[in-house]
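Worksheet: one structure, shown below.
The values are calculated or read from the model by the stated rules, or taken from the named source; none is laboratory data. Everything numeric here is computed off the predicted structure, so don't read it as measured data. A quick note on method: Cβ atoms are made from the backbone with ideal geometry, for glycine too, and the neighbour counts reach across all protein chains shown. Accessible surface is based on the protein model in full, side chains and every heavy atom, while ligands, DNA and RNA are left aside. Shrake-Rupley method; radii C 1.70, N 1.55, O 1.52, S 1.80 Å.
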Amino acid sequence: MAEASTSLRRRSMEPPTSGAGGMFEMKGGAYHDVSPVQKAEVEDGGSGSFAGEEDAWGHGDADLRDMRRLGKKQEFKRNFSFWSTLGFVSIYMATWEFVLVSLSVGLANGGFAGLFWCFITTVICYGFVVASLAEMESMAPTSGGQYRGSSLFMDESNEQSIQLISTYLDWVSEFAPPQYQRVLSYASGWMSTLGWLASVASSVYVCGTQIQAMVNVLQPNVVMESWKITLIMFAIIAITIVFNTYGASILPTLEIASLIGHIAGFVFVLIALLVMCPKNSAYDVFVHFEQNGGWSPGPAYLVSQVTIIYCNLGSDSVVHISEEVEDASIVVPRCMFWSFIYNVAIGIVMLIVMLFCIGPLEDVVNSGVPYLLLFNNTGSPAMSLTLNVIVFLLVYAGNITALATCAREMWAFARDKGLPFSGWIGKMDPKWNIPFNSVYATSMACVVLALIQLGSTVAFNIIVSLSVLGLMSTYMISIGCVFHRRLTGQPLPHARWSLGRYAIWINGFALFYSAFLLVFCCFPSYLPVDTSSANWAPLVWFAVIIVAVVVYVMYGKKHYTAPVDFVEGRKADGVGLQSTQ
């Protein structure tokens with residue numbers, strides 16, 4: 001039995017005496033009686049009727065079997081259909097919207113042609129990462145994600161009893177070598193939390209700058225001080241909290257509306273730019289490279305990858321609502337992969353239109369807000385304001401989704417006692433079935449990250465680098481665990497969405513590219529560098545690693561429970577379904 005399971009036995013001291021239900025579940029670190037229905041779920045080998053639970057929670061037999069095998073009590077209502085799930089991931093990615101608002105680094109470090117070709121090569125490489133994550137999600141569908149993925153499949157004799165799991169907090173916990181499962185899942189949990197927190201903070205920052213851009217359409221000479229933008233960001237965070245707590249019941253409907261807006265907005269913006277803007281030449285867009293960021297051509301090209309990845313991040317956001325999606329082990333990976341494909345496709349179309357319509361490169365590089373220059377290039381203040389409002393609303397809708405994603409990831413990690421104050425963060429509100437406290441904790445962390453822009457001229461680039469650093473670290477660990485199992489011929493659970501015979505090659509390249517990209521996340525966006533323009537993301541990343549180590553030694557080593565400790569066939573005697581209520 002692995003160290004984590006032994007630790008779980010030690011904490012229980014001895015098997016608890018059976019209560020009325022005859023079995024026990026863990027709540028907040030203690031064992032409690034489970035109901036006869038829950039007892040039946042644990043004891044049933046995977047067959048039988050789940051009609052009562054299906055009526056209560058809106059999920060089917062496949063979802064119930066997945067959760068039982070994971071040893072997790074269903075605490076979310078499964079109210080996300082295929083279309084609302086697709087809307088969730090699509091508006092979080094918001095690729096064409098972020099193409100417009102976040103690629104100034106690539107414009108300076110390669111010109112129009114440099115940005116275009118860097119975008120193409122980057123999304124092709126990143127596609128291998130997305131495909132690998134989608135397959136792992138099909139093997140393992142809960143709200144934890146990468147961190148769970150490395151601690152489950154340690155014993156080949158259990159292969160048939162634990163076939164499907166969850167998200168990447170789960171992935172590391174389930175797929176890592178036995179002796180490293182606990183440590184790697186813990187490290188992955190912290191990196192994933194950091195990455196998603198920075199992602200939320202970056203979208204809040206974009207919303208703040210978009211408000212300034214809308215003001216500048218009508219009053220071009222008005223410049224907002226940093227503290228004013230910070231206060232706007234705080235207000236945006238506060239409003240987003242409401243949508244993710246008391247307004248959470250409308251999230252599935254909002255995601256479908258966002259999907260419609262995402263597509264309709266793309267068509268409207270595209271037509272407006274093509275019809276009203278003067279055009280650059282095809283030579284400038286596809287052939288002419290130019291460096292204005294201080295880097296030589298090679299490093300300039302590679303540094304530009306970071307913000308391009310940022311435009312295409314988020315296809316895996318949907319894994320964090322896996323416990324709220326019907327038939328998650330097939331719906332979620334499909335949404336992950338195909339939302340990436342279609343978002344990248346329309347993102348490339350919007351990129352080409354932007355490069356043709358944005359005007360002379362010199363003006364773009366000298367502009368503080370390139371997308372404002374693009375919209376103003378329509379020649380109509382009214383149209384420019386309209387386009388700014390459309391993009392703002394869609395980015396903000398993605399911000400609501402980003403907070404939902406990060407809050408659920410943090411809740412899942414706290415459920416396993418991986419964070420300080422896990423008892424508070426991991427609490428599920430019994431009335432609303434929403435992790436209110438994790439929403440508040442995520443929002444407070446974003447408030448702290450929002451303060452970066454008070455002291456840095458490249459705050460957005462720092463937060464973006466921090467997001468990519470955290471998430472790519474997690475991807476590298478979880479994909480590496482699966483790649484190791486394939487390379488050594490060890491069994492993996494069945495995936496309803498599978499990469500087939502090419503899986504080992506896809507995983508191998510995804511692992512290499514994740515490690516490659518980590519290096520360039522640490523580079524400054526521009527040269528020369530001073531304290532206000534330096535990339536402080538690696539320092540923050542390293543500081544979080546130090547904090548994680550300290551917390552693990554002082555708290556996590558005793559209290560942290562790797563997800564594998566609750567999996568059917570691996571958990572200790574007397575351990576029932578894990579719950580936070």
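Taking the condition of a type outside the set (Ser, Thr, Tyr), buried (at least 21 other Cβ atoms within 10 Å of the Cβ) and closer than 23 Å to Ala537 by Cβ, does Leu251 pass? Explain how you work it out, then say what you get.
Numbers: of a type outside the set (Ser, Thr, Tyr): yes; buried (at least 21 other Cβ atoms within 10 Å of the Cβ): yes; closer than 23 Å to Ala537 by Cβ: no.
No, not satisfied.
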### Query
Among the residues of segment 526-547, how many are farther than 22 Å from Pro297 by Cβ and either surrounded by 15 or more Cβ atoms within 10 Å (Cβ to Cβ) or of a type in the set (A, V, I, L, M) (or both)?
12
### Query
Considering segment 380-405 alone, what residues qualify as being farther than 21 Å from Val222 by Cβ and not aliphatic (A, V, I, L, M)?
Tyr396, Gly398, Asn399, Thr401, Thr405
### Query
Which of the residues belonging to segment 168-200 are at pLDDT below 80 and small (Gly, Ala, Ser)?
Ser173, Ala176
### Message
Given the criterion touching a Phe, Trp or Tyr at 6+ places or on another chain (Cβ under 6 Å) and within 30 Å of Gln453 (Cα to Cα), identify the matching residue among Gly247, Gly294.
### Response
Gly294
### Task
Spot the failing condition for Asn399; the list is (1) in a loop (DSSP other than H, G, I, E, B); (2) under 22 Å from Gly189 (Cα atoms), and only one is missed.
(1)
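Can you find a residue in segment 417-430 that is part of a helix (DSSP H, G or I) and within 17 Å of Val204 (Cα to Cα)? It would help to see each step written out before you state the result.
We begin by selecting, within segment 417-430, every residue part of a helix (DSSP H, G or I); these are 422-425.
Then keep just the ones that are within 17 Å of Val204 (Cα to Cα); that gives none.
No, segment 417-430 has no match at all.
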### Query
So, of the residues in segment 476-506 that are over 30 Å from Ala198 (Cα atoms) and β-branched (Val, Ile, Thr), which turns out to be surrounded by the fewest Cβ atoms within 10 Å (Cβ to Cβ)?
Thr488
### Query
Which of the residues that make up segment 322-346 are surrounded by 24 or more Cβ atoms within 10 Å (Cβ to Cβ) and not aliphatic (A, V, I, L, M)?
Ser322, Glu323, Glu324, Ser329, Pro333, Cys335, Ser339, Phe340, Asn343
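Is it the case, given these coordinates, that Val540 is under 30 Å from Gly455 (Cβ atoms) and out of contact with any helix residue (DSSP H, G or I) (no Cβ under 7 Å at 6 or more places or on another chain)?
Values: under 30 Å from Gly455 (Cβ atoms): yes; out of contact with any helix residue (DSSP H, G or I) (no Cβ under 7 Å at 6 or more places or on another chain): no.
Spelling it out, it is not the case that Val540 is under 30 Å from Gly455 (Cβ atoms) and out of contact with any helix residue (DSSP H, G or I) (no Cβ under 7 Å at 6 or more places or on another chain).
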### Message
Contact list please: Cβ distance under 7 Å, first residue in segment 515-537 and over 22 Å from Met472 (Cβ atoms), second residue in a loop (DSSP other than H, G, I, E, B) and of a type in the set (S, T, N, Q), pairs at least six apart or on different chains.
### Response
Ser532/Ser456; Ser532/Thr457; Ser533/Thr457
### Query
Restricting the first residue to segment 285-302 and requiring it to be closer than 18 Å to Val529 by Cβ, which pairs with a second residue that is part of a loop (DSSP other than H, G, I, E, B) and open to solvent by 70 Å² or more (accessible area, probe 1.4 Å) meet a Cβ separation below 8 Å and a spacing of at least six or different chains?
Gly294/Pro528
### Looking only at segment 548-581, and only at residues there that are surrounded by 20 or more Cβ atoms within 10 Å (Cβ to Cβ) and in a helix (DSSP H, G or I), the one that is modelled with the highest pLDDT
Ala548
## Note on the structure
Among residues of segment 204-217 being in contact (Cβ under 8 Å) with a residue 12 or more places away in the chain and open to solvent by 10 Å² or more (accessible area, probe 1.4 Å), the residue nearest to Met233 (Cα to Cα) is Tyr205
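Please verify whether Ala345 is of a type in the set (A, V, I, L, M), without any contact (Cβ under 8 Å) to a residue 12 or more places away in the chain, outside any loop (DSSP other than H, G, I, E, B) and within 21 Å of Val223 (Cα to Cα), treating the condition exactly as stated. Quick ask: steps written out before the conclusion?
Details: of a type in the set (A, V, I, L, M): yes; without any contact (Cβ under 8 Å) to a residue 12 or more places away in the chain: yes; outside any loop (DSSP other than H, G, I, E, B): yes; within 21 Å of Val223 (Cα to Cα): no.
For Ala345, the condition - of a type in the set (A, V, I, L, M), without any contact (Cβ under 8 Å) to a residue 12 or more places away in the chain, outside any loop (DSSP other than H, G, I, E, B) and within 21 Å of Val223 (Cα to Cα) - is not met.
Table: residues versus (1) touching a residue at least 60 places away in the same chain (Cβ under 8 Å); (2) among the β-branched types (Val, Ile, Thr); (3) part of a helix (DSSP H, G or I).
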{"site": "Leu351", "(1), (2), (3)": "yes, no, yes"}
{"site": "Gly368", "(1), (2), (3)": "no, no, no"}
{"site": "Thr405", "(1), (2), (3)": "yes, yes, yes"}
{"site": "Glu409", "(1), (2), (3)": "yes, no, yes"}
{"site": "Phe413", "(1), (2), (3)": "yes, no, yes"}
### Query
For Ile346, all conditions in the list (1) over 27 Å from the mean Cα position of the chain (by Cα); (2) at pLDDT 95 or above; (3) of a type outside the set (Ser, Thr, Tyr); (4) closer than 23 Å to Cys207 by Cβ hold save one; what is the number of the exception?
(1)
### Query
From Val448, Val439, Val389, which residue is open to solvent by less than 40 Å² (accessible area, probe 1.4 Å) and of a type in the set (A, V, I, L, M, F, W, C)?
Val439
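Kindly indicate which of Met214, Met224, Met233 is under 30 Å from Val544 (Cα atoms) and either part of a helix (DSSP H, G or I) or out of contact with any strand residue (DSSP E or B) (no Cβ under 9 Å at 6 or more places or on another chain) (or both).
Working: Met214 fails: under 30 Å from Val544 (Cα atoms); Met224 fails: under 30 Å from Val544 (Cα atoms).
Answer to the check: Met233.
Among the residues of segment 507-519, which ones are under 21 Å from Pro177 (Cβ atoms) and open to solvent by 10 Å² or more (accessible area, probe 1.4 Å)?
Keep residues of segment 507-519 that are under 21 Å from Pro177 (Cβ atoms), which gives 507-508, 510-512, 514-515.
Answer for segment 507-519, where residues must be under 21 Å from Pro177 (Cβ atoms) and open to solvent by 10 Å² or more (accessible area, probe 1.4 Å): Gly508, Leu511, Phe512, Ala515.
Tell me, yes or no, whether segment 316-328 has at least one residue that is among the β-branched types (Val, Ile, Thr) and within 23 Å of Leu387 (Cβ to Cβ).
No, the conditions are met nowhere in segment 316-328.
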### Query
Restricting attention to segment 358-372, does a residue exist that is open to solvent by less than 40 Å² (accessible area, probe 1.4 Å) and in contact with an Asp or Glu (Cβ under 6 Å, 6 or more places away or on another chain)?
no
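Please go through segment 257-300 and give me each residue that is in a loop (DSSP other than H, G, I, E, B), open to solvent by 60 Å² or more (accessible area, probe 1.4 Å) and more than 30 Å from Cys522 (Cα to Cα), ordered by number.
Pro278, Lys279
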